[in-house]
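Visitor: Below is one structure. I have some questions about it.
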Amino acid sequence: MSIIVSNLSKVYGNQNAVDGISFTAKPGEILGFLGPNGAGKSTTMKIATCFIPPSSGSVTVQGFDVVSDPMKVKKIVGYLPEHNPLYLDMYVHEYLGFVGRLHKLAGTSLKRRICEVIGICGLALEQRKKIGALSKGYRQRVGLAQALIHDPKVLILDEPTTGLDPNQIHEIRNLISALGREKTVIFSTHILQEVQAICDRVVIINKGKIVADDKVAALQNVVGELKIISASFAEEISIEEFTNIPGVVNVEQKGKGKFDIFCKPDADVRKEIFLKASNLGWNLLELKQEERSLESIFRELTGRDQ
């Protein structure tokens, strides 16, 4: 595992910002780290990047403990904080050189790496500009470039698309997807469609505790709401034709011959509906299970569906 978080806690006074959480992130995996404001996401990321110590528990990155081996962890982790800290009076190329030297890069190796990250992050036309003159989107690119300058094996990105317009979000999303093919990436976001688009796995934290850890498709199947089967027929059909099918809890008519059929999570009634339509001569136009959105799952798990 690239990252192992084990029974991690962080206490501020009487508040458990992080309360005994455990999860892992594998090499070549993009892990979405979700939660409402104040859930403990940024605190966890700051511990994993050696900015603050844990109260208890442990975090190891590539086998190095963040408390006992912080310098070794920092060598293999690239970090973009939520509030992207940049020296606005420095030029892009100059700043990347400064960060590279902090990571002990020098000479031709540093020059080559600056050129590489400028290309990766799409900063070629902006590299001679002052950072303070750049748009929000390009500043985020500079933040990603500094996180990549030492070619880390692990990337930890805290809200990397905050404040960006849709085009900029799309560009940063594509960049994270490309980086995730060869690095371990953990990133937090409030844009749930973003998670569905690029994440291999999702960890959801609420009030300092992990409430879900799984692939998005698996979450859609295991969270407690009823499954919804959408069925459409050419004929008008009585709702009562479906209510006596085992596993069906409720049926709503959505229009002429159109129904949403609510069934228990462990029941798949599509076969029974198909056979009934065939036996009774109904013209079946559509039969599918509706996928739940990550947004509805998130709201259910964090108790914010009000």
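Visitor: Being closer than 28 Å to R141 by Cα and in contact with a Pro (Cβ under 8 Å, 6 or more places away or on another chain) narrows it down to one residue among V73, V18, V66, V59; which is it?
Guide: So the residue among V73, V18, V66, V59 that is closer than 28 Å to R141 by Cα and in contact with a Pro (Cβ under 8 Å, 6 or more places away or on another chain) is V66.
Visitor: Enumerate the pairs (first residue in the stretch 55-74 and more than 16 Å from L155 (Cα to Cα); second residue anywhere and of a type in the set (V, I, T) and in a loop (DSSP other than H, G, I, E, B)) with beta-carbon separation below 8 Å, excluding pairs fewer than 6 apart on the same chain, so at least 6 apart or on different chains.
Guide: These pairs meet every condition: S58/V66; S58/V67.
Visitor: So is I21 at pLDDT 95 or above and in a strand (DSSP E or B) or not?
Guide: Details: at pLDDT 95 or above: yes; in a strand (DSSP E or B): yes.
For I21, the condition - at pLDDT 95 or above and in a strand (DSSP E or B) - is met.
Visitor: In the stretch 277-293, which residues are modelled with pLDDT of 85 or more and touching a Ser or Thr at 6+ places or on another chain (Cβ under 6 Å)?
Guide: L285, E286, K288
Visitor: Another question about this same structure. How many residues, within the stretch 182-195, are in contact with a strand residue (DSSP E or B) (Cβ under 9 Å, 6 or more places away or on another chain) and surrounded by fewer than 22 Cβ atoms within 10 Å (Cβ to Cβ)?
Guide: 4
Visitor: Turning to a different aspect of this structure: When the residues of the stretch 59-93 are narrowed to those that are among the small types (G, A, S) and farther than 29 Å from I131 by Cβ, which ends up least open to solvent (accessible area, probe 1.4 Å)?
Guide: We begin by selecting, within the stretch 59-93, every residue among the small types (G, A, S); these are 63, 68, 78.
If we keep only those that are farther than 29 Å from I131 by Cβ as well, we get 63, 68.
Details: G63: 64, S68: 81 Å².
Selected residue: G63.
Visitor: In the stretch 161-181, which residues are modelled with pLDDT of 85 or more and in contact with a Lys or Arg (Cβ under 9 Å, 6 or more places away or on another chain)?
Guide: The answer is L175, and nothing else.
Visitor: Check whether at least one residue in the stretch 141-159 is at pLDDT below 95 and either polar (S, T, N, Q) or over 30 Å from Q196 (Cβ atoms) (or both), and report yes or no.
Guide: no
Visitor: Tell me, which helices (runs of 4 or more DSSP H) wholly within the stretch 187-275 include 3 or more residues that are under 30 Å from T161 (Cα atoms)?
Guide: Qualifying helices (runs of 4 or more DSSP H): 192-198, 216-222.
Visitor: For the stretch 183-240, which positions are more than 21 Å from V61 (Cβ to Cβ), polar (S, T, N, Q) and modelled with pLDDT of 90 or more?
Guide: Result: N206, S230, S232, S238.
Visitor: Considering only residues of the stretch 56-68 that are over 21 Å from P81 (Cα atoms) and not in a strand (DSSP E or B), which is modelled with the highest pLDDT?
Guide: S68
Visitor: Continuing with the same structure: If you scan the stretch 26-58, which residues turn out to be touching a Lys or Arg at 6+ places or on another chain (Cβ under 6 Å), hydroxyl-bearing (S, T, Y) and open to solvent by less than 40 Å² (accessible area, probe 1.4 Å)?
Guide: T43
Visitor: So, of the residues in the stretch 94-132 that are open to solvent by 70 Å² or more (accessible area, probe 1.4 Å) and among the β-branched types (V, I, T), which turns out to be nearest to I172 (Cα to Cα)?
Guide: In this case the residue turns out to be I120.
The values are calculated or read from the model by the stated rules, or taken from the named source; none is laboratory data. None of the values given here were measured: they were computed from a predicted structure. So basically every Cβ, Gly included, is an ideal-geometry build from the backbone, and we count neighbours across all protein chains shown. Areas reflect the complete protein model, heavy atoms only, side chains present, ligands, DNA and RNA absent. Shrake-Rupley method; radii C 1.70, N 1.55, O 1.52, S 1.80 Å.
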